[in-house]
1. Would you order Glu92, Glu145 from fewest to most other beta-carbon atoms within 10 Å of each residue's own beta-carbon?
2. If you rank Val22, Val113 by fewest surrounding Cβ atoms within 10 Å, what's the result?
3. FRET efficiency for Leu98 and His42, Cβ-Cβ distance as r, R0 = 35 Å, nearest 0.05?
4. Karplus couplings for segment 50-56 from phi (6.51 cos²θ - 1.76 cosθ + 1.60, θ = phi - 60°), rounded to Hz, Gly and Pro as x?
5. Above 12 angstrom, tally the Cα pairs of segment 93-147 and express them as a % of all pairs, no decimals.
6. Could you order peptides 24-35, 120-131 by the average number of other Cβ atoms within 10 Å of their residues, highest first?
7. What list of ³J(HN,Hα) couplings, whole Hz, do you get for segment 97-111 from phi and the Karplus terms 6.51, -1.76, 1.60, once you set θ to phi - 60° and write x for glycine and proline?
Amino acid sequence: MTIQLKTMQGNSLLVTLIFLSVIAMLTFSAAVNSQLQQRMSHNLHLKVQSDEAADSGVMAFYTWLSADPDHWESEGWESLNSGDPSAQSYYEILADQLDWDGDYVTLTVRGAVQSDLDDVSNSLLRVSFYRSVDEGRIYLHNWAELL
């Protein structure tokens, strides 16, 4: 009778080790999955920040364009970068990326998020505005995300 008891104690030890191994693998898998989800959400956050920076650039151009009707006629937009190069996010509108065509203007706005002066996320928008000569107002004509 004692021989069977010792054999059964060995079997229960083996079953316990198998269960512990399965639990350890599940725990490791959950940790890796959680880390992956954290990286994905961080990348999404950076993309949203760069989109917002590009949106700010579009608003800056629209504000400049709407401030004075002569701006449309002069086509005098100078390249604009949203200031401080050490800022975390910025936008950029280069004068050579503007296309003035009668009552339409199309521009390309780059929004970026940087870390240690390297860009980690970028957005590129192509936006068109239309000027209504009759009303003297400026309207958004087209908006497309390129990147």
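Coordinate-derived values only; no laboratory data. All of these numbers come straight from a predicted model, not from anything done at the bench. Please note: Cβ atoms are built from the backbone with ideal geometry, for glycine as well, and neighbour counts cover all protein chains shown.
1. Lowest count first: Glu145, Glu92.
2. In increasing order of surrounding Cβ atoms, one gets Val22, Val113.
3. 0.55
4. Listing the rounded values in order: 5, 4, 5, 5, 5, 4, 4 Hz.
5. The calculated P(r) of segment 93-147 puts 69 percent of pairs beyond 12 Å.
6. Highest mean packing first, the order is 120-131, 24-35.
7. Result, rounded to whole Hz: 9, 9, 10, 8, 9, x, 8, 10, 9, 10, 9, 10, 10, 10, x.
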